[in-house]
1. Starting from the stretch 56-126, pick out the chymotrypsin sites (Phe, Trp or Tyr not before Pro) whose DSSP state is loop and whose Cβ has at most 13 other Cβ atoms within 10 Å.
2. At a Förster distance of 25 Å, what's the computed FRET efficiency of Ser134 paired with Glu57, Cβ-Cβ distance as r, to 0.05?
3. For the stretch 93-107, what does the Karplus curve 6.51 cos²θ - 1.76 cosθ + 1.60, with θ = phi - 60°, yield as ³J(HN,Hα) per residue in whole Hz, taken in order and with x for Gly and Pro?
4. Please calculate how many Å² of accessible area the chain carries per residue, with a 1.4 Å probe and no DNA, RNA or ligand atoms counted.
5. What's the longest piece of the chain with no exposed GluC sites (Glu not before Pro), counting a site as exposed if DSSP puts it in a loop and it has at most 16 other beta carbons within 10 Å?
6. Restricting to the chain, what percent of DSSP beta bridges are antiparallel, rounded to 5?
7. Give me the number: length gained by fully extending Gln144 to Ser98, i.e. 0.36 nm times residue separation minus the C-alpha to C-alpha distance, one decimal in nm.
8. Express in whole angstrom the spacing between the alpha-carbon centres of the stretch 58-75 and the stretch 1-26.
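The values are calculated or read from the model by the stated rules, or taken from the named source; none is laboratory data. As the structure is a computational prediction, the values presented were derived from the model and not from experiment. Every residue, glycine as well, gets a Cβ built from its backbone with ideal geometry; the counts of neighbours run over all protein chains shown. For the accessible areas, the whole protein counts, side chains as well, though only heavy atoms, and no ligand, DNA or RNA atoms are used. Shrake-Rupley method; radii C 1.70, N 1.55, O 1.52, S 1.80 Å.
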Amino acid sequence: MDRTSRVTLTNMCMITDGDCVLVQDRSKPEWPGVTFPGGHVEPGESITASVIREVQEETGLLIEAPRLCGVKDWMEDDGSRYIVFLYQTDRFKGELASSDEGEVYWLNKKDMKGVHWAITMEDMLEVFMRDEVSEFYYYQQDGQWAYTLL
């Protein structure tokens, strides 16, 4: 049995500063709404180096010591797998600056419920916020997308 498959590797990082988290109001129509910064892993690039680079490109901040806190993953219609490595950090330097990916700003954690999150993002916060949850697995059931937190 062949156990190889095509995989798309991406990342996302929740950056905290005291009671606030850095969020991005995405400008791209394929996944609009508020999320955390992140992006694709380039060929030959380490997963951790990719999240550091993506955060700097999208926010102007240079993060340090990102900690892997979980993954989000699903199977595409063509049989390939899509994996998002989820990171957290509270260590960064630099000046906050938005990019063409969207506006970035600090959001108080107590205000997170009133945000227009990107699809699945509000539920995916469980992986970032709860130590006992490490995977957001997205799958199709009866022609509809569903998910489980593991």
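1. In loop regions of the stretch 56-126 (DSSP not H, G, I, E or B), there are no sparsely surrounded chymotrypsin sites (Phe, Trp or Tyr not before Pro).
2. 0.40
3. Couplings: 8, x, 9, 5, 8, 6, 9, 5, 6, x, 6, 10, 7, 7, 10 Hz.
4. Accessible area per residue: 56 Å².
5. 96-131
6. Numbers: 32 of 45 bridges.
If we restrict to bridges inside the chain, about 70 percent are antiparallel.
7. Working: separation 46, 0.36 × 46 = 16.56 nm, distance 3.44 nm.
Between Gln144 and Ser98, full extension yields an extra 13.1 nm.
8. That distance is 5 Å.
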